[in-house]
Amino acid sequence: MTRVLRHDDRMIARILIILAALMALPHAAFAQTTAEPALQNVEGSWALRIHNATIFTFDIERGDDGGWRTSWNRPASFRSNGVVFTAMSGSETIEAMTVRELADGVELHFEDPRPGAVPDVFHIRPKSVSQAELVYVGTLFAPYPLVRVRAGTPLGPFDATRIYDRDDAVTEGDYVAADNTQSAAPAPAISTTPPLAPQLSDDAEGPNEGLSASFLDDLAVTPETAAQMQDDSGREAPVQPASLACSDFTRVDPPSLAELEARWGNDYESIGTGLDVREYRMDNGDIARITMLDERVYINGCG
């Protein structure tokens with residue numbers, strides 16, 4: 001005998017069918033929904049800016065097929081130890097080999113064409129709609145601040161007589177996103193800070209000294225190399241001056257090497273590798289950062 005379903009029975013059957021369909025959805029669909037806010041925020045153009053200069057830009061876009069298209073625009077030649085950047089010129093754009101979606105952003109892999117070199121890997125994670133941070137994976141460097149910029153923002157302007165210190169990086173974006181669009185704000189004012197470094201001489205070593213064309217050639221810092229950088233055992237006994245203060249020297253009229261050593265001694269910490277960057281601790285706890293180029297002294301900042 002054929003049983004005729006009553007109205008209540010048909011309703012229950014429909015509910016069961018709907019529940020079964022929901023349970024059959026792939027787990028990945030739920031995972032994608034969970035990660036969606038961070039992945040939406042990371043799309044767009046991001047820049048590392050120091051003073052009024054754009055040092056790097058990263059363009060990150062996700063296509064309709066779910067795949068990622070990302071690129072890294074950097075100077076064609078420059079010198080850096082991961083702390084300061086100088087002698088920057090030109091620009092070149094590199095496409096990412098692979099992109100990994102993470103819970104808080106994306107991980108970008110860029111090929112280094114040199115024999116035996118490993119890829120440069122960056123983890124970009126948004127902190128807000130207009131702010132993000134870049135982690136150079138495999139090093140001990142603190143994250144670099146990024147700000148959202150308009151697509152196609154050029155690098156520079158670069159001043160060949162300036163040292164760009166990552167501690168002076170811009171942390172507030174010039175653009176505010178609204179309804180998934182970016183509107184331009186007025187161009188930032190050009191910094192009036194006095195020049196910090198000279199034009200490199202013609203007989204100076206080539207671009208990227210202490211730094212390869214792949215961003216940070218020899219700066220895959222390990223705990224062992226970091227400890228070595230901190231090791232003062234090979235130095236002469238520190239000279240202890242009577243007192244140290246930021247007001248002892250100024251950026252406008254920096255000291256000679258002899259004047260620096262006579263006043264502040266040789267009790268300093270070397271930062272990074274490649275370029276000679278030193279940090280002296282003042283009596284009040286402030287840190288003075290000094291860059292040496294061809295035995296000439298340049299004061300990055302003190303405070």
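The values are calculated or read from the model by the stated rules, or taken from the named source; none is laboratory data. Nothing here was measured: the structure is a model prediction, and the numbers come from that model. Ideal geometry is used to build each Cβ from the backbone, glycine not excepted, and the neighbour counts take in all protein chains shown. Heads up: the accessible areas ignore ligands, DNA and RNA and are worked out on the full protein's heavy atoms, side chains in. Shrake-Rupley method; radii C 1.70, N 1.55, O 1.52, S 1.80 Å.
When restricted to residues that are at positive phi and either in the same structural domain as S80 (by the TED database) or at pLDDT below 85 (or both), region 278-296 contains 2.
Residues that are closer than 19 Å to W46 by Cα and outside any loop (DSSP other than H, G, I, E, B): does region 75-84 have at least one?
No, there is no match, as no residue in region 75-84 is closer than 19 Å to W46 by Cα and outside any loop (DSSP other than H, G, I, E, B).
In the set (1) over 19 Å from the mean Cα position of the chain (by Cα); (2) at positive phi; (3) modelled with pLDDT of 90 or more, G116 fails one condition alone, (3).
Collect the residues in region 253-303 that are crowded, with 19+ Cβ neighbours inside 10 Å, in contact (Cβ under 8 Å) with a residue 60 or more places away in the chain, not hydroxyl-bearing (S, T, Y) and not in a strand (DSSP E or B), keeping them in residue-number order. Across region 253-303, the qualifying residues are G272, G274, L275.
Which condition number does G116 fail, the rest of (1) part of a loop (DSSP other than H, G, I, E, B); (2) in contact (Cβ under 8 Å) with a residue 60 or more places away in the chain being met? Among (1) part of a loop (DSSP other than H, G, I, E, B); (2) in contact (Cβ under 8 Å) with a residue 60 or more places away in the chain, the lone unmet condition for G116 is (2). Quick check: is even one residue across region 66-80 under 16 Å from L146 (Cβ atoms), more than 15 Å from the chain's Cα centre (by Cα) and open to solvent by less than 50 Å² (accessible area, probe 1.4 Å)? Yes, that holds for at least one residue.
Screening F141 on (1) under 13 Å from the mean Cα position of the chain (by Cα); (2) surrounded by fewer than 20 Cβ atoms within 10 Å (Cβ to Cβ); (3) at pLDDT 90 or above shows it passes everything except condition (3).
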